[in-house]
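Report on one structure; see the data block that follows.
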Amino acid sequence: MTNNLSVVINADAPQVWTMLREPAKVAQWHGWEADELAAEINEIYFHKDVVEAPDHTSLTTHGGDVFDLKPVPGGTLVSVTRAALDHNSEWAAWDEDITQGWLTFLQQLRFALEHHPHGKRHTLFFEFPGTPGSVIEKLGLADVPKPGEKYGLTLATGEEITGKVWYRSNHQVGLTVHSYAEHGDGLLIVADQPVIENIRPHGGALVIASTYDLGAHKLESISSLWEGWRTENYPATEAAH
């Protein structure tokens, strides 16, 4: 097995386990809102070949990727270990996307448990085609501070946002955003996607905005700024989910 991914979540192991084993809870951190989300969650986490450790410290998902939970000072270390790559699989070309997806979803899991353990998120999702320069750079996020530090900036969309840097990796930036929640904050993740030969020859990017308890007017305001930027910079792409 390769590509170990992990986060320390400020919650105890039984709380994390609940977020992995109740479909409605999984929907608060896995992926983003879409018509196929419930079916995807059922396939990955509740398929007949999913294996739960009796002590609730390990979960082998459909496909063989494994969640491990370990109590540590400050909470629970949650790790995902990827299954060995089957080069003949229909999913082989998407292997790096799956790894990057787990990184995103682990951070969304950490955020959900630490900031909105009983909340219900509403997501905005955008996907962009590959072009010269990363979307992280185009949005003005290349030079955000270190994780845990405060930031304040104006996105290239024209939206002014403040909060703390949630995480950074080679291809992703996650920010808490005060204006994305009625109480507390929401989460914004921007991820550059790698080239996939013959499928995504120029790479790409995605944006997931997790919001909480915002009114319709506020949601429309946020969405319209992102839609405007998408239309201006990527006129051939589809509207947000």
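The values are calculated or read from the model by the stated rules, or taken from the named source; none is laboratory data. Computed from a predicted structure; not experimentally measured. We place every Cβ from the backbone using ideal geometry, glycine too, and count neighbours over all the protein chains shown. Side chains are part of the model used for accessible areas, which takes the heavy atoms of the whole protein and leaves out ligands, DNA and RNA. Shrake-Rupley method; radii C 1.70, N 1.55, O 1.52, S 1.80 Å.
Below are the figures for this structure:
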item: Prolate/oblate/rounded call for segment 123-241, Cα gyration tensor, a/c under 1.5 rounded; result: oblate
item: Distance cut-off 13 Å, percentage of C-alpha pairs in segment 158-205 lying past it; result: 63
item: The chain - percent of accessible surface contributed by carbon and sulfur, probe 1.4 Å; result: 52
item: Those GluC sites (Glu not before Pro) in segment 5-60 that DSSP places in a loop and that have at most 14 other beta carbons within 10 Å; result: Glu33, Glu36
item: Among Gly184, Thr61, Gln107 - extreme Cα towards positive end, dipole of the chain, charges at beta-carbon; result: Gly184
item: With at most 15 neighbouring Cβ atoms within 10 Å, loop trypsin sites (Lys or Arg not before Pro) (DSSP) excluded, longest segment of the chain; result: 121-241
item: Distance violations [Cα-Cα > 30 Å] among Lys120/Lys146; Lys164/Lys218; Lys25/Lys138; result: Lys25/Lys138
item: Kirkwood Rh in Å, taken over segment 176-226 so that all alpha-carbon pairs contribute; result: 12.5
item: Probe 1.4 Å, protein heavy atoms only - accessible area per residue of the chain in square angstrom; result: 50
item: Heavy atoms of Thr81: accessible area, 1.4 Å probe, square angstrom to 10; result: 30
item: The chain: DSSP helices with Cα axial extent of at least 15 Å and average Kyte-Doolittle hydropathy no lower than -1.0; result: 95-115, 216-233
item: Segment 130-150 versus segment 192-226: alpha-carbon centroid distance in Å; result: 14
item: For the chain: rounded, prolate or oblate by the Cα gyration tensor [a/c cutoff 1.5]; result: oblate
item: Compactness of segment 19-130, expressed as Rg and Dmax over alpha-carbon positions, Å; result: 14.5, 44
item: Selection of GluC sites (Glu not before Pro), segment 128-168, meeting DSSP coil and at most 10 other Cβ within 10 Å; result: Glu149
